[in-house]
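**Q** The structure follows.
The values are calculated or read from the model by the stated rules, or taken from the named source; none is laboratory data. These numbers were taken from a predicted model, which means no experiment stands behind them. Cβ atoms come from the backbone with ideal geometry, glycine included; neighbour counts cover every protein chain shown. Side chains included, ligands, DNA and RNA excluded: accessible areas come from the protein's heavy atoms. Shrake-Rupley method; radii C 1.70, N 1.55, O 1.52, S 1.80 Å.
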Amino acid sequence: MVLQKFDIVIIGAGCAGLQLLQQLSLLENWPDYKVLLIDDGAEKQQSWCFWSASGHPLQHLVTKTWHQLTFSAASFSTCQPIQPYAYHYIPGSVFFDYFNHQFIPQHSNITVMRARVNHVTKLGGGYLIKAQEMQWWGQTCYSSLAPKESPKPELWQHFKGWYIEAEQDVLDTDTAILMDYTVQLYNKVHFVYVLPFSGNKALVEATFFSERREDEETYDRLITAYLHQAFPYIKFKVTATEVGCIPMSRHSFSRYGAAGEVLIGQAAGMVKASTGYTFNRITRDSILLAKHFGEKLPYQWPATRGRFRFYDQLLLNIIIAKPYIVRDIFTRLFRHATMPQVLRFLNEQTTLAQEVGIFLHLPWRPFLKQAVKHIFNRSGTK
Ligand SMILES: Cc1cc2nc3c(=O)[nH]c(=O)nc-3n(C[C@H](O)[C@H](O)[C@H](O)COP(=O)(O)OP(=O)(O)OC[C@H]3O[C@@H](n4cnc5c(N)ncnc54)[C@H](O)[C@@H]3O)c2cc1C
């Protein structure tokens with residue numbers, strides 16, 4: 001069997017693999033590279049929301065933008081403009097249609113293979129990538145596959161969403177609801193997230209931060225109770241559903257897999273541990289990966305900058321140890337910081353002084369307790 005050779009192999013044609021492909025295509029000598037994209041063809045269900053202050057490389061795929069965000073809890077509610085940001089939505093169908101039917105066919109240097117990769121090893125200054133009955137060689141290999149020995153996250157953001165259609169226009173189409181804690185049915189961290197696409201169509205999602213998924217009825221009951229409270233006299237029909245599970249990991253991630261292949265996306269720790277937002281982090285990472293590939297530089301930047309990883313870990317520790325105070329933490333956060341400040345903080349673009357300003361208003365005891373525990377645990381493992 002002849003071993004097909006490529007300059008670049010990308011394993012996984014998902015959010016990270018395709019965004020990286022797009023960024024690599026901007027390199028000056030891109031047509032000279034022979035590129036292989038391998039995907040197992042598993043069904044892809046998700047759509048993505050993200051916020052950005054300026055144009056995103058995939059802005060043309062955005063089908064809906066909101067300029068205001070709402071946070072609500074029993075004791076406090078706020079709806080604010082988010083300038084300089086805007087909150088965008090890209091449906092998965094639009095994203096994958098664009099790459100599969102427009103972008104890839106326009107680039108004759110890309111070969112697409114449907115196969116389930118099961119092994120990557122170092123070979124001859126590059127990588128041997130093996131699937132069941134096939135194998136390829138790549139000079140450079142980017143992989144969406146998490147190393148087998150990766151620690152399992154203790155916490156998940158898991159959710160079920162209903163795409164609903166109301167019998168009349170009742171929704172504010174310029175405002176997305178980031179977190180609504182007003183309906184509390186369970187002894188767990190949970191809230192409702194709403195994306196109104198038009199006056200009568202929306203995605204309403206029941207979201208939990210906890211150790212494991214719930215049965216379907218648990219999410220359904222929360223969405224039903226929320227709709228009943230928010231729109232008591234309106235009838236809705238459910239046109240589709242979405243389920244998902246995003247890891248909220250306290251562990252650190254490596255940039256490289258066991259054979260030295262470059263990890264991308266979720267496998268490289270691009271999920272923001274405290275929120276689950278990943279799309280824009282993957283965009284930023286893809287831009288850097290392509291730049292460093294073009295300039296032959298090492299890939300040496302962390303998925304999450306030092307102190308922000310620490311903040312994320314503290315919040316995750318609190319969610320595990322004291323889930324009942326999490327609603328109060330978010331309420332205080334949104335009461336004292338503006339929406340753009342919160343978004344900048346979640347983007348990890350705030351200064352230390354701005355972060356102190358935010359933390360001053362949060363319940364300091366649990367954070368201090370978790371910080372001390374964290375420091376002792378770390379020194380204990382040295
Ligand atoms: C339902 C849902 C909704 C989400 N919504 C948002 C959101 O609104 N905003 C946000 O920022 N983040 C969101 N996320 C989180 C995040 O954006 C995604 O998890 C993101 O898709 C991660 O990108 P990835 O490329 O690492 O993984 P994926 O997109 O899952 O891509 C991995 C690809 O590799 C393929 N693959 C897997 N194993 C193999 C194998 N052995 N061989 C070959 N191919 C393989 C898969 O089929 C897939 O195509 C959401 C996640 C989910 C699940």
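**Q** Have a look at the DSSP beta bridges in the chain and tell me what percent are antiparallel, nearest 5.
**A** Counting only bridges with both partners in the chain, antiparallel ones make up about 70 percent.
**Q** Here is a further query. How far apart, in nm, are the 7 Å Cα→Cβ label points at GLU211 and GLU154?
**A** That separation, rounded to one decimal, is 1.0 nm.
**Q** While we're here: Would you report the distance distribution of C-alpha pairs in the range 306-381 as whole percents per 10 angstrom bin, up to the bin with the largest distance?
**A** 18, 52, 27, 3
**Q** Evaluate the chain: find the radius of gyration of its Cα atoms, find its Kirkwood radius, and give the ratio Rg to Rh.
**A** 0.98
**Q** Here's a follow-up. May I ask you to order 12-22, 169-179 by the average number of other C-beta atoms within 10 Å around their residues, highest value first?
**A** Working: 12-22: 23.6, 169-179: 18.8.
Answer by packing, highest mean first, reads 12-22, 169-179.
**Q** Under a Cβ-only charge scheme (Lys and Arg +1, Asp and Glu -1), can you give me the dipole magnitude of the chain about the Cα centre, in debye to the nearest 20? Before the final figure, lay out the partial values.
**A** Details: 38 positive and 31 negative charges, 297 e Å.
For the chain, the charge dipole is close to 1420 debye.
**Q** Where does the charge balance sit around ILE8 when Lys and Arg score +1, Asp and Glu -1, over other residues with C-beta under 12 Å from its C-beta?
**A** Every neighbour counted, the sum reads -1.
**Q** Once Rh for the range 155-248 is found with the Kirkwood sum over Cα pairs, what is the Stokes-Einstein diffusion coefficient at 25 °C and 0.890 mPa s, in µm²/s? Write out the running numbers ahead of the final one.
**A** On the way: Rh = 13.4 Å.
In µm²/s, the coefficient rounds to 183.
**Q** What does the charge add up to near LYS235, with Lys and Arg as +1, Asp and Glu as -1, over the other residues with Cβ less than 15 Å from its Cβ? It would help to have the intermediate numbers written out before the result.
**A** Working: positive: LYS201, LYS237; negative: GLU165, GLU167, ASP169.
Around LYS235, the charge tally is -1.
**Q** Something else about it: Express the relative contact order of the chain as a whole percentage, based on alpha carbon pairs under 8 Å and six or more residues apart in sequence. Kindly include the intermediate steps, with their values, before the conclusion.
**A** Working: 682 pairs, mean separation 70.3, N = 382.
Relative contact order of the chain: 18 percent.
**Q** Can you tell me the Rg and Dmax of the range 178-304, counting just the alpha carbons, in angstroms?
**A** Looking at the range 178-304, its Cα Rg and Dmax stand at 19.2, 61 Å.
**Q** Right, something else. Of the heavy-atom accessible surface of the range 43-183 (probe 1.4 angstrom), what whole percent is carbon and sulfur? Spell out each step's value before the answer.
**A** Working: 3480 of 7030 Å².
With neighbouring chains kept in place, the figure for the range 43-183 is 50 percent.
**Q** By a straight-distance test (C-alpha under 30 Å), which lysines pair with LYS160 as possible cross-link partners, with residues fewer than eight away in the same chain excluded?
**A** Candidates past the 8-residue exclusion: LYS44, LYS64, LYS148, LYS152, LYS188, LYS201, LYS235, LYS237, LYS272, LYS322.
**Q** A further question follows. Taking R0 as 35 Å, what FRET efficiency do you get between TYR324 and TYR256 from their Cβ-Cβ distance, rounded to the nearest 0.05? The partial results should precede the final answer.
**A** Values: r = 40 Å, r/R0 = 1.13.
For R0 = 35 Å, the calculated efficiency reads 0.30.
**Q** Considering only protein heavy atoms, what per residue accessible area in square angstrom results for the chain with a 1.4 angstrom probe?
**A** Per-residue accessible area for the chain comes out at 49 Å².
**Q** Let me ask you something else. Quick one: if you stick a label point 7 Å off each Cα along the C-beta vector at GLU167 and GLN46, how many nm between them?
**A** 3.6
**Q** Pop a pseudo-label 7 angstrom from the Cα along the beta-carbon direction at both VAL94 and LYS296 and give the gap in nm to one decimal.
**A** For VAL94 paired with LYS296, the spin-label model returns 4.1 nm.
**Q** Just add up the charged neighbours of GLN68: K/R +1, D/E -1, any other residue whose Cβ is under 9 Å from the Cβ of GLN68.
**A** -2
**Q** Round to the nearest 0.05 the FRET efficiency obtained for GLN102 and VAL372 when R0 = 56 Å and r is the Cβ-Cβ distance.
**A** Working: r = 53 Å, r/R0 = 0.95.
The pair GLN102/VAL372 has a calculated efficiency of 0.55.
**Q** So what is the calculated 222 nm ellipticity per residue for the chain, using -39500 (n - 2.57) for each DSSP H run with n of 4 or more, over all residues, to the nearest 500 deg cm²/dmol? Working shown, then result.
**A** Numbers: 9 runs with 108 residues, N = 382.
It lands at -9000 deg cm²/dmol.
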